[in-house]
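The values are calculated or read from the model by the stated rules, or taken from the named source; none is laboratory data. Computed from a predicted model, the values in this text were never measured in an experiment. Here Cβ is always computed from backbone atoms with ideal geometry, including for glycine, and neighbour counts include all displayed protein chains. Side chains are part of the model used for accessible areas, which takes the heavy atoms of the whole protein and leaves out ligands, DNA and RNA. Shrake-Rupley method; radii C 1.70, N 1.55, O 1.52, S 1.80 Å.
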Amino acid sequence: MPEVPAYHALVVRVDAEARQLQAYYGSRLRCRVHCSACCQDISLCPLEWHLVQAAVTRLPAALLARLQGRPPRPAGRCPLLLDERCPVYPARPILCRSQGLPLAYLDELAETIEVSACPVSFPETDVFAPEGLLFLDEINRELASLNEAWCRRHGKDPQERIPLSTVLRQALTIA
């Protein structure tokens, strides 16, 4: 599966860009251990869902039991959080890796840059220089291409989006 090593290479690049932005902003970024303000029940493309699901199934049985036995998460919150930490942090999706940073998308029709930034770290009035932004358009295109190839190989629909909440349910039925 050549898509998986290519996906991991993309993750390495995203993480490197994230580290550069973390250094750029320094203490302004308030993302810390146990900060889960942005951890939501997102939907994933099949490739990322498969990789996260594989990581969940590799969790120790005691940790899976804790995930299963805890009270239900509030609607919309990440179903994998345990004590406000991600038990599959090394395998988290690209969207999770980019949270907290100022994210940029090109709006080609309006010829503008759309920016989304964490309100915990950045007030709505902040103006960002291009070097302080994580541009996601190319990252998303590459992820879509890898997902499409992986889906072709596995007979999946590349347009499908799968809720993260199904990862845990699936892992618990396998365990």
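Some observations on this one:
- Each Lys and Arg contributes +1 and each Asp and Glu -1, all at the Cβ; summed about the Cα centre of the range 31-149, the dipole is approximately 1100 debye.
- Across the accessible surface of the chain, with the other protein chains kept in place and a 1.4 Å probe, carbon and sulfur atoms take up 56 percent.
- Options [x] 9, 33, 32, 12, 7, 5, 1, 0; [y] 9, 31, 31, 19, 8, 2, 0; [z] 9, 34, 36, 19, 3, 0 - which one matches P(r) over Cα pairs in 10 Å bins from 0, in percent as calculated here: [z]
- Available extension along the chain between C86 and R152 is 20.8 nm, counting 0.36 nm per residue and deducting the alpha carbon span.
- 15 Å cut-off, amide nitrogen to a point 7 angstrom out along A54 Cα→Cβ, residues in the range 1-36: 1-12
- Ligands, DNA and RNA aside, T57 has an accessible area near 60 Å² when probed at 1.4 Å.
- Annotation note: chymotrypsin sites (Phe, Trp or Tyr not before Pro) in the range 104-175 located in DSSP loop regions with a Cβ neighbour count of at most 16 within 10 Å are F128.
- Distance between the modelled labels on A37 and Q170, one decimal in nanometres: 3.1 nm (7 Å Cα→Cβ projection).
- Exposure ranking of E3, E124, E108 by accessible area [1.4 Å probe, largest first]: E124, E108, E3
- With the highest mean first, a sort of the peptides 68-76, 140-148 on other beta-carbon atoms found within 10 angstrom per residue produces 140-148, 68-76.
- Accessible area expressed per residue, the range 1-134, with surrounding protein chains retained (probe 1.4 Å, Å²): 56 Å²
- Principal-axis analysis of the Cα atoms of the chain puts helix 137-154 at an angle of about 20° to the longest axis.
- Cβ-Cβ FRET estimate between A61 and E108, R0 fixed at 45 Å, reported to 0.05: 0.35
- Relative contact order [Cα under 8 Å, 6+ residues apart], the chain, whole percent: 39 percent
- Taking the helices alone, the chain has a mean residue ellipticity at 222 nm of -14000 deg cm²/dmol, built from -39,500 (n - 2.57) per DSSP H run of at least 4 residues and averaged over all its residues.
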